[in-house]
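The values are calculated or read from the model by the stated rules, or taken from the named source; none is laboratory data. Remember, predicted model here, so these are calculated numbers, not experimental data. Please note: Cβ atoms are built from the backbone with ideal geometry, for glycine as well, and neighbour counts cover all protein chains shown. Side chains are part of the model used for accessible areas, which takes the heavy atoms of the whole protein and leaves out ligands, DNA and RNA. Shrake-Rupley method; radii C 1.70, N 1.55, O 1.52, S 1.80 Å.
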Amino acid sequence: LVSTNPATSSVLSSSSGEFSFGKMLSGDVTVTARKKNYLSNNIIVYVYEGERTQMDIVLLKDEKDYGSVTIYEPVPGNGAVDQLKSFTMKWKVDQTKSDITLTYDVLLFKSNSSTQQVVGESLTVKEVVVDGLTDNTTYYWYVVAKYNGNIVANGPTWSFKTGNNSGN
(Lines give C-alpha, C1' and ligand atoms only; values in the text may rest on other atoms or scores of the structure.)
Protein backbone atom coordinates (compact mmCIF):
# COMPACT_ATOMS: atom_id res chain seq x y z
CA LEU A 1 0.00 0.00 0.00
CA VAL A 2 1.46 3.34 -1.03
CA SER A 3 -0.13 6.55 0.27
CA THR A 4 0.56 10.28 0.31
CA ASN A 5 0.46 13.05 2.89
CA PRO A 6 -1.14 15.50 2.33
CA ALA A 7 -3.70 12.82 1.62
CA THR A 8 -4.16 12.76 -2.15
CA SER A 9 -4.47 9.06 -2.73
CA SER A 10 -3.58 5.52 -1.71
CA VAL A 11 -2.76 2.85 -4.27
CA LEU A 12 -1.64 -0.76 -4.31
CA SER A 13 1.60 -1.37 -6.16
CA SER A 14 1.97 -3.95 -8.89
CA SER A 15 3.56 -7.31 -8.05
CA SER A 16 6.92 -5.81 -9.11
CA GLY A 17 6.42 -2.87 -6.73
CA GLU A 18 5.62 -0.21 -9.32
CA PHE A 19 2.97 2.41 -8.62
CA SER A 20 1.77 5.79 -9.81
CA PHE A 21 -0.56 8.47 -8.58
CA GLY A 22 -2.92 10.47 -10.76
CA LYS A 23 -3.37 14.18 -10.19
CA MET A 24 -1.51 15.66 -7.24
CA LEU A 25 -0.94 19.13 -5.85
CA SER A 26 2.53 20.51 -6.37
CA GLY A 27 4.84 20.91 -3.37
CA ASP A 28 6.29 18.64 -0.67
CA VAL A 29 4.58 15.26 -0.46
CA THR A 30 5.39 12.47 1.98
CA VAL A 31 5.01 9.08 0.33
CA THR A 32 4.60 6.09 2.67
CA ALA A 33 4.92 2.45 1.60
CA ARG A 34 3.71 -0.48 3.70
CA LYS A 35 3.76 -4.19 3.01
CA LYS A 36 2.92 -7.09 5.28
CA ASN A 37 6.06 -8.62 6.85
CA TYR A 38 8.15 -5.57 5.85
CA LEU A 39 9.13 -2.44 7.78
CA SER A 40 7.26 0.59 6.47
CA ASN A 41 9.23 3.46 4.98
CA ASN A 42 8.47 6.97 3.84
CA ILE A 43 10.20 9.63 1.80
CA ILE A 44 9.50 13.27 1.06
CA VAL A 45 9.51 14.31 -2.58
CA TYR A 46 8.83 17.66 -4.18
CA VAL A 47 6.17 17.47 -6.87
CA TYR A 48 6.57 20.06 -9.63
CA GLU A 49 3.48 21.17 -11.52
CA GLY A 50 3.16 19.49 -14.89
CA GLU A 51 6.12 17.13 -14.37
CA ARG A 52 6.46 13.43 -13.54
CA THR A 53 8.31 12.71 -10.30
CA GLN A 54 10.36 9.50 -10.14
CA MET A 55 11.08 7.93 -6.74
CA ASP A 56 12.32 4.72 -5.19
CA ILE A 57 11.29 3.49 -1.75
CA VAL A 58 13.20 0.60 -0.19
CA LEU A 59 11.34 -1.71 2.20
CA LEU A 60 13.33 -3.97 4.49
CA LYS A 61 12.04 -7.41 5.51
CA ASP A 62 10.66 -7.39 9.07
CA GLU A 63 12.96 -10.20 10.15
CA LYS A 64 12.27 -9.73 13.87
CA ASP A 65 8.51 -9.13 13.67
CA TYR A 66 8.55 -5.49 14.83
CA GLY A 67 5.48 -4.59 12.80
CA SER A 68 4.90 -1.45 10.79
CA VAL A 69 6.03 1.87 12.33
CA THR A 70 5.30 5.26 10.75
CA ILE A 71 6.69 8.54 12.09
CA TYR A 72 4.65 11.57 11.05
CA GLU A 73 3.15 15.00 11.88
CA PRO A 74 6.24 16.96 12.93
CA VAL A 75 6.14 20.06 15.12
CA PRO A 76 7.30 22.42 13.80
CA GLY A 77 5.64 21.50 10.53
CA ASN A 78 7.84 20.70 7.57
CA GLY A 79 9.08 23.96 6.03
CA ALA A 80 8.14 26.09 9.08
CA VAL A 81 9.81 29.50 9.25
CA ASP A 82 10.63 32.08 11.94
CA GLN A 83 11.35 29.46 14.60
CA LEU A 84 13.00 30.44 17.87
CA LYS A 85 16.56 29.42 18.76
CA SER A 86 15.13 27.14 21.46
CA PHE A 87 11.88 25.16 21.30
CA THR A 88 10.36 21.69 21.60
CA MET A 89 10.24 19.43 18.54
CA LYS A 90 7.48 16.79 18.55
CA TRP A 91 6.22 13.98 16.32
CA LYS A 92 3.59 11.24 16.24
CA VAL A 93 4.04 7.52 15.71
CA ASP A 94 1.68 4.90 14.33
CA GLN A 95 2.66 1.30 15.00
CA THR A 96 0.87 -1.96 14.30
CA LYS A 97 2.38 -3.77 17.30
CA SER A 98 1.39 -1.65 20.30
CA ASP A 99 2.99 -4.09 22.77
CA ILE A 100 6.46 -3.05 21.57
CA THR A 101 7.87 -0.05 23.45
CA LEU A 102 9.97 2.08 21.14
CA THR A 103 12.71 4.58 21.91
CA TYR A 104 13.64 7.49 19.67
CA ASP A 105 16.81 9.19 18.52
CA VAL A 106 16.50 12.66 16.97
CA LEU A 107 19.14 13.99 14.60
CA LEU A 108 19.52 17.58 13.44
CA PHE A 109 21.77 19.18 10.84
CA LYS A 110 22.19 22.59 9.22
CA SER A 111 21.57 23.25 5.55
CA ASN A 112 24.74 22.69 3.48
CA SER A 113 26.26 20.51 6.21
CA SER A 114 26.58 16.75 6.41
CA THR A 115 27.45 16.84 10.12
CA GLN A 116 24.51 15.50 12.07
CA GLN A 117 23.98 16.38 15.72
CA VAL A 118 22.14 13.98 18.03
CA VAL A 119 19.71 16.20 19.96
CA GLY A 120 17.85 13.33 21.62
CA GLU A 121 18.92 9.76 22.28
CA SER A 122 16.94 6.76 23.56
CA LEU A 123 13.96 9.00 24.27
CA THR A 124 10.82 7.34 25.60
CA VAL A 125 8.66 10.39 24.83
CA LYS A 126 7.88 11.82 21.38
CA GLU A 127 9.48 15.21 21.93
CA VAL A 128 12.84 16.84 22.52
CA VAL A 129 13.97 20.38 23.37
CA VAL A 130 16.56 21.94 21.06
CA ASP A 131 18.45 25.09 21.94
CA GLY A 132 21.41 27.16 20.86
CA LEU A 133 20.28 27.25 17.24
CA THR A 134 21.62 29.89 14.87
CA ASP A 135 19.41 32.77 13.62
CA ASN A 136 18.21 32.80 10.01
CA THR A 137 19.36 29.23 9.37
CA THR A 138 17.62 26.28 7.71
CA TYR A 139 17.80 23.06 9.71
CA TYR A 140 16.85 19.51 8.79
CA TRP A 141 15.82 16.84 11.28
CA TYR A 142 14.54 13.30 11.46
CA VAL A 143 13.54 10.70 14.02
CA VAL A 144 14.81 7.12 14.25
CA ALA A 145 12.58 4.60 16.07
CA LYS A 146 14.32 1.71 17.83
CA TYR A 147 13.34 -1.41 19.70
CA ASN A 148 16.01 -2.98 21.92
CA GLY A 149 18.66 -0.95 20.09
CA ASN A 150 17.57 -2.13 16.62
CA ILE A 151 16.32 0.46 14.13
CA VAL A 152 12.73 -0.32 13.16
CA ALA A 153 11.87 2.92 11.31
CA ASN A 154 13.44 6.10 10.00
CA GLY A 155 11.13 9.07 9.78
CA PRO A 156 11.19 11.42 6.83
CA THR A 157 13.61 14.34 6.90
CA TRP A 158 11.80 17.56 7.79
CA SER A 159 13.04 21.15 7.68
CA PHE A 160 12.49 24.42 9.50
CA LYS A 161 14.16 27.82 9.45
CA THR A 162 14.98 29.97 12.45
CA GLY A 163 14.05 33.64 12.38
CA ASN A 164 15.90 36.74 13.46
CA ASN A 165 15.76 36.20 17.22
CA SER A 166 18.25 38.86 18.29
CA GLY A 167 15.68 40.25 20.71
CA ASN A 168 15.07 36.84 22.36
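Keeping all protein chains in place and using 1.4 angstrom, which order do LYS85, LYS23 fall into by accessible surface area, from largest down? Mind dumping the intermediate values first?
Values: LYS85 70, LYS23 190 Å².
Result, largest first: LYS23, LYS85.
Calculate the spin-label point distance for SER20 paired with THR8, positioning each point 7 Å from the Cα along the beta-carbon direction, and give it in nanometres.
1.3
Under 10 °C and 1.306 mPa s, how fast does the stretch 60-103 diffuse according to Stokes-Einstein, given a Kirkwood radius computed over C-alpha pairs? Answer in µm²/s, whole number. Before the final figure, lay out the partial values.
Values: Rh = 12.8 Å.
My calculation gives 124 µm²/s for D.
Whole-Å semi-axes of the stretch 109-161's equivalent ellipsoid, largest first, each the root of 5 times a Cα gyration tensor eigenvalue? Mind showing how you got there, number by number?
Numbers: eigenvalues 101, 31, 17 Å².
Sorted largest first and rounded, they come to 22, 12, 9 Å.
Using only the alpha carbons, work out the radius of gyration and Dmax of the chain in angstrom.
Gyration radius and largest Cα-Cα distance of the chain: 17.0, 57 Å.
Around VAL47, what is the net charge, scoring Lys/Arg as +1 and Asp/Glu as -1 over all other residues with Cβ under 12 Å from its Cβ? Write out the running numbers ahead of the final one.
Values: positive: LYS23, ARG52; negative: ASP28, GLU49, GLU51.
Net charge in that neighbourhood comes out at -1.
Using the structure shown, select from LYS64/LYS92; LYS64/LYS146; LYS61/LYS97 the pairs with a Cα to Cα distance greater than 21 angstrom.
Details: LYS64/LYS92 23 Å; LYS64/LYS146 12 Å; LYS61/LYS97 16 Å.
Beyond 21 Å between Cα atoms: LYS64/LYS92.
Quick one: net charge around LEU12, please, counting Lys, Arg +1 and Asp, Glu -1 for every other residue with C-beta under 13 Å from its C-beta. Don't skip to the end; give the middle numbers.
Details: positive: ARG34, LYS35, LYS36; negative: GLU18.
Summing Lys/Arg as +1 and Asp/Glu as -1 gives +2.
How long are the three semi-axes of the equivalent ellipsoid for the stretch 12-99, computed from the Cα gyration tensor as the root of 5 times each eigenvalue, in whole Å, largest first?
On the way: eigenvalues 132, 106, 15 Å².
Working through the eigenvalues yields semi-axes of 26, 23, 9 Å.
What's the local net charge at LYS126, with K and R +1, D and E -1, over the other residues with C-beta under 15 Å away?
Working: positive: LYS90, LYS92, LYS146; negative: GLU73, ASP94, ASP105, GLU121, GLU127.
It works out to a net charge of -2.
Amide H neighbours of VAL119 under 5 Å, counting only residues 5+ apart in sequence or on other chains, H built in-plane at 1.01 Å?
Correct list: VAL106, LEU107, LEU108.
With every protein chain left in place and a probe of 1.4 Å, what is the accessible surface of PHE19, to the nearest 10 Å²?
Taking all protein chains as shown, PHE19 has close to 60 Å².
Can you tell me, using C-alpha contacts under 8 Å and at least 6 residues apart, the relative contact order of the stretch 1-108 as a whole percent?
Details: 150 pairs, mean separation 19.7, N = 108.
Across the stretch 1-108, relative contact order equals 18 percent.
Defining a contact as two alpha carbons under 8 Å apart and six or more residues distant in sequence, what relative contact order in percent does the stretch 14-66 show? Can you show the working numbers first?
Numbers: 63 pairs, mean separation 17.2, N = 53.
Value for the stretch 14-66: 33 percent.
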